[in-house]
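Scroll down for the structure; my scribbles are underneath it.
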Amino acid sequence: MADSRKYITSEELKNHNKPGDLWISIQGKVYDVSNWVKEHPGGDFPLLNLAGQDVTDAFVAFHPATAWQYLDKFFKGFYLNNYSASEVSKDYRRLVSEFTKMGLFEKKGHVCLFTMCLMAMLFSLSVYGILCCQSVLAHLISGGLMGCLWIQSGWIGHDSGHYQVMSTRGFNRFAQVLTGNCLAGISIAWWKWNHNAHHIACNSLEYDPDLQHMPFFVVSSKFFDSLTSYFYDRKMNFDSFTRFLVSHQHWTFYPVMCFARINLFAQSFILLLSNKNVPHRVQELFGVVSFWIWYPLLLSCLPNWGERIMFVLASFTVTGIQHVQFCLNHFSSEIYVAPPKGNDWFEKQTNGSLDISCPSWMDWFHGGLQFQIEHHLFPRLPRCQLRKVSPFVKDLCKKHGLPYSCVSFWKSNVLTISTLRAAALQARDLTKPVPKNLVWEAVNTHG
């Protein structure tokens with residue numbers, strides 16, 4: 001029987017990659033998502049930057065099996081000519097299918113309950129220390145406890161943005177706004193917008209916002225060419241001021257991380273007050289504003305300005321640990337200058353991520369980030385399942401000759417500082433650059 005299907009080539013598909021004309025292919029079927037981009041729960045960045053190509057692996061990674069039933073309304077009637085999947089992709093999709101059959105995506109354990117209880121305890125102790133204790137040491141410890149609270153709220157916000165941590169979507173949304181916006185002052189809408197872009201374009205210097213920290217940090221001398229950020233839609237100018245800061249970045253990294261939260265506060269307001277399409281904008285603003293009401297009021301209960309500044313510094317410094325953790329998983333990994341692609345999903349996620357080895361009793365400290373490779377490959381997987389699937393990922397990497405980098409927490413810090421130092425030395429003297437492959441030699445040696 002003759003094939004009555006209508007086919008288009010990959011080159012023809014590539015032409016549909018502009019706003020208002022966005023086509024994607026999933027398992028060889030072509031879908032028009034031009035109008036869906038405004039309603040897409042994951043934001044517009046994934047569709048805008050993956051349009052014009054096959055995105056099967058990315059779709060499988062971010063969507064449950066129930067999402068497939070909604071694709072037909074976007075079907076254009078075309079099929080991708082000579083569609084095929086690499087052996088790596090086939091094995092990856094097979095793993096996703098096996099984990100789904102095992103129910104791993106649905107078995108969330110009691111991590112959220114324990115974390116919420118821990119947060120309630122930390123908040124109560126911090127407030128008690130301020131209101132009921134007179135000692136300066138007690139107030140200092142209270143500030144540290146507030147920082148610990150913000151760290152745990154970060155883990156809940158991270159998890160709830162990837163999958164449903166509560167019994168219903170409504171409760172999940174409540175947990176997001178309460179722990180993120182209200183208790184930590186960070187917009188969950190900003191986090192999802194930023195973090196989804198990071199996952200889609202892992203370690204792309206032009207597209208991954210988690211590597212775009214100029215003028216304070218650069219992880220590669222490629223930034224010296226003043227690259228364009230397609231996430232922030234602006235040019236990242238490498239001027240003399242940036243060069244000065246970058247040339248000392250391996251010394252300033254930890255001090256800056258102590259105050260990195262200020263950037264998150266600012267980015268939250270910038271997004272919420274912008275003209276971008278922000279879901280639940282009023283709700284988001286209400287949550288963030290409530291933080292800026294209760295936190296200053298709590299500070300006002302301290303006896304003098306010296307102790308108020310001390311409390312803020314303590315809370316910011318402690319939560320700076322989490323900001324360091326965010327950097328350890330990617331700063332020393334492989335980077336590239338290009339838009340993200342849909343046909344090398346597994347390779348890009350493994351090359352661009354670093355796992356941190358730790359005993360299971362320390363999982364609470366890392367919040368799931370210690371299994372960064374597994375998390376990037378299976379972002380919907382509850383963090384309590386990441387340790388279980390790690391051997392499967394290792395075996396698949398070994399089978400296809402792909403790196404599976406895993407080092408200690410100490411070593412990940414060393415690699416990160418080495419990466420920053422290499423770029424800093426190049427920034428100091430562009431006429432005598434450090435050998436281009438110095439960082440990668442360090443990564444390959446230790447990972």
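The values are calculated or read from the model by the stated rules, or taken from the named source; none is laboratory data. All figures in this text were calculated on a predicted structure; none of them were measured in a lab. Cβ: placed from backbone, ideal geometry, glycine included. Neighbour counts: every protein chain shown. These area figures cover heavy atoms from the full protein model, side chains too; ligands, DNA and RNA do not enter into them. Shrake-Rupley method; radii C 1.70, N 1.55, O 1.52, S 1.80 Å.
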Exercise for the section: Could you name the aspartates and glutamates whose alpha carbon sits less than 13 Å from that of residue 18, not counting residues in the same chain fewer than 8 places away? Expected result: 32, 44
Problem - Gained length - residue 101 relative to residue 14, 0.36 nm times residue gap less alpha-carbon distance - result: 27.9 nm
Exercise for the section: Treat each spin label as a single point 7 Å out from the Cα along the C-beta direction, and report the residue 313 to residue 294 distance in nm. Expected result: 2.7 nm
Exercise for the section: List the relative contact order of the chain as a percent without decimals, with contacts defined as Cα pairs under 8 Å and 6+ residues apart. Expected result: 19 percent
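At 1.4 Å probe size, with the rest of the protein present, what percent of the exposed accessible area of the range 270-315 is carbon and sulfur atoms?
Values: 2010 of 2710 Å².
Using a 1.4 Å probe with all protein chains present, the range 270-315 comes out at 74 percent carbon and sulfur.
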Problem - Within the chain, helix-based [θ] at 222 nm, where runs of 4 or more DSSP H residues each add -39,500 (n - 2.57), nearest 500 - result: -16500 deg cm²/dmol
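Taking 27 Å as the cut-off for C-alpha to C-alpha distance, list the pairs among 76/192; 108/411; 29/101; 29/348 that go past it. Walk me through the intermediate numbers first.
On the way: 76/192 29 Å; 108/411 30 Å; 29/101 24 Å; 29/348 23 Å.
Flagged as over cut-off: 76/192; 108/411.
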Practice task
Distance between Cα centroids, the range 325-371 to the range 76-151: provide it in whole Å.
Solution key: 15 Å
Completion exercise
Averaged per residue, the 1.4 Å probe accessible area of the range 227-281, protein heavy atoms only, in Å², is roughly 59 Å²
Problem - Fluctuation leader among 205, 297, 183 - the chain, Gaussian network, Cα springs under 10 angstrom - result: 297
Handout entry: Of 90, 192, 341, the one that fluctuates the most in a GNM where the chain has Cα springs shorter than 10 Å
Key = 90
Fill in the blank from the handout: Taking a crude spin-label model, label points 7 Å out from Cα along the C-beta direction, the residue 274 to residue 68 distance in nm is 3.5 nm
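Using only the Cα atoms of the chain, what semi-axes does the equivalent ellipsoid have when each is the square root of 5 times a gyration tensor eigenvalue? Give whole Å, largest first. Intermediate results must be reported in sequence, preceding the final value.
Details: eigenvalues 274, 145, 97 Å².
Working from the Cα gyration tensor, I get semi-axes of 37, 27, 22 Å.
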Completion exercise
Along principal axes, largest first, the alpha-carbon spread of the range 158-233 in whole Å comes out as 48, 22, 19
Practice task
Subtract the Cα-Cα distance of residue 252 and residue 222 from 0.36 nm times their separation in residues, and report this length gain in nm to one decimal.
Solution key: 8.8 nm
Fill in the blank from the handout: GNM on the chain, Cα springs under 10 Å; top mean-square fluctuation among 181, 263, 329 goes to 263
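For the pair residue 240 and residue 357, what calculated FRET efficiency results from E = 1/(1 + (r/R0)^6), where r is the Cβ-Cβ distance and R0 = 25 Å, to the nearest 0.05? Write out the running numbers ahead of the final one.
Numbers: r = 41 Å, r/R0 = 1.63.
According to the calculation, E is roughly 0.05.
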Handout entry: Length gained when the stretch residue 40-residue 338 is fully extended (0.36 nm per residue, less Cα-Cα span)
Key = 104.9 nm
Practice task
For the range 95-207, with all protein chains present and a 1.4 Å probe, just round the carbon and sulfur fraction of the accessible area to a whole percent.
Solution key: 70 percent
Exercise for the section: Give me the Debye-computed log₁₀ of I(q)/I(0) at q = 0.14, 0.16, 0.19, 0.22 Å⁻¹ for the range 283-372, equal point scatterers on Cα only, no solvent, two decimals. Expected result: -0.80, -0.88, -0.96, -1.05
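Evaluate Rg over Rh across the range 152-195, taking Cα atoms for both radii and Kirkwood's formula for Rh.
On the way: Rg = 9.1 Å, Rh = 10.0 Å.
We get a ratio of 0.92 for the range 152-195.
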Completion exercise
So the compactness index of the range 57-176, its C-alpha Rg divided by 2.2 N^0.38 Å, takes the value 1.63
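Using a 1.4 Å probe, what is the accessible area per residue for the range 1-113, in Å²? Walk me through the numbers on the way to the answer.
Numbers: 6400 Å² over 113 residues.
Accessible area per residue: 57 Å².
Taking the DSSP beta bridges in the chain as the whole, what percent of them are antiparallel, to the nearest 5?
Numbers: 11 of 19 bridges.
Counting only bridges with both partners in the chain, antiparallel ones make up about 60 percent.
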Exercise for the section: For the range 306-433, report the accessible area per residue in Å² (1.4 Å probe, heavy atoms, rounded to an integer). Expected result: 38 Å²
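For the chain, which DSSP H helices look membrane-span-like by this rule: Cα extent along the axis of 15 Å or more and mean Kyte-Doolittle of at least -0.5?
Details: long enough: 87-101 (21 Å, -1.06); 111-132 (31 Å, 2.20); 136-162 (40 Å, 0.59); 188-200 (18 Å, -0.82); 260-272 (19 Å, 1.33); 281-300 (29 Å, 0.99); 305-328 (34 Å, 0.90); 386-399 (19 Å, -0.34); 409-428 (29 Å, 0.32).
Membrane-span-like by this rule: 111-132, 136-162, 260-272, 281-300, 305-328, 386-399, 409-428.
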